[in-house]
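For reference, the structure is listed below as structure tokens.
The values are calculated or read from the model by the stated rules, or taken from the named source; none is laboratory data. Being a predicted model, the structure only gives us computed values, none of them experimental. Here the Cβ positions follow ideal geometry from the backbone for every residue, glycine too, while neighbour counts run over all protein chains shown. Just the protein is used for accessible areas: all its heavy atoms, side chains included, with ligands, DNA and RNA removed. Shrake-Rupley method; radii C 1.70, N 1.55, O 1.52, S 1.80 Å.
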Amino acid sequence: QVQVVESGGGLVQAGGSLRLSCKASGNFFSVADVAWYRRAPGKERELIASITSDGNTNYGDSAKGRFTISRDNTKNTFYLQINSLKPEDTAVYYCAADAQTWSGSRWLRGTYWGQGTQVTVSS
């Protein structure tokens, strides 16, 4: 089993910054791609950024310029730095990690989601 837990959200004023963290734990061999998503009230889930195991990054159109995704493979922890926060960034932010696990007879690869962390930006 793989557990993914996000943290670092909170209430912040517009213009401020936050660093969200996502930690993977449990019985797995490795974490490959990791992605951050968000779901704002009344809107569909949106991809913010993704990062491969060797550090290649990709950003959604709404995230370019203010968001930075990174990872620390030694800690199985993944980060999303958000600068110059705007009220429209208010959302629940989710982390999704692709992890490889051993079933006892073969390798399996699955995507594991956290419960999300709330980010609220006041104007």
Efficiency of FRET from Cβ geometry, Ser122 and Asn58, R₀ 41 Å, rounded to 0.05: 0.85
Per-residue SASA entry for Lys86, accessible area with 1.4 Å probe, Å² rounded to 10: 80
Cβ crowding within 10 Å averaged over residues, with 66-74, 92-100 ranked highest first: 92-100, 66-74
Probe 1.4 Å, accessible area per residue of the chain, Å²: 54
Separation of the Gln3 and Thr68 label points, Cα + 7 Å toward Cβ, nm: 3.0
Gaussian network model of the chain, Cα within-10 Å springs - most flexible of Gly26, Gly104, Gly15: Gly104
FRET efficiency for Asn27 and Ser84, using Cβ-Cβ distance with R0 set to 35 Å, rounded to 0.05: 0.35
Rounded to whole Hz, the Karplus (6.51, -1.76, 1.60) HN-Hα couplings of region 84-90, x for glycine and proline: 6, 4, 10, x, 6, 7, 4
Computed lengthening from Leu47 to Leu108, 0.36 nm per intervening residue step minus Cα-Cα distance: 19.5 nm
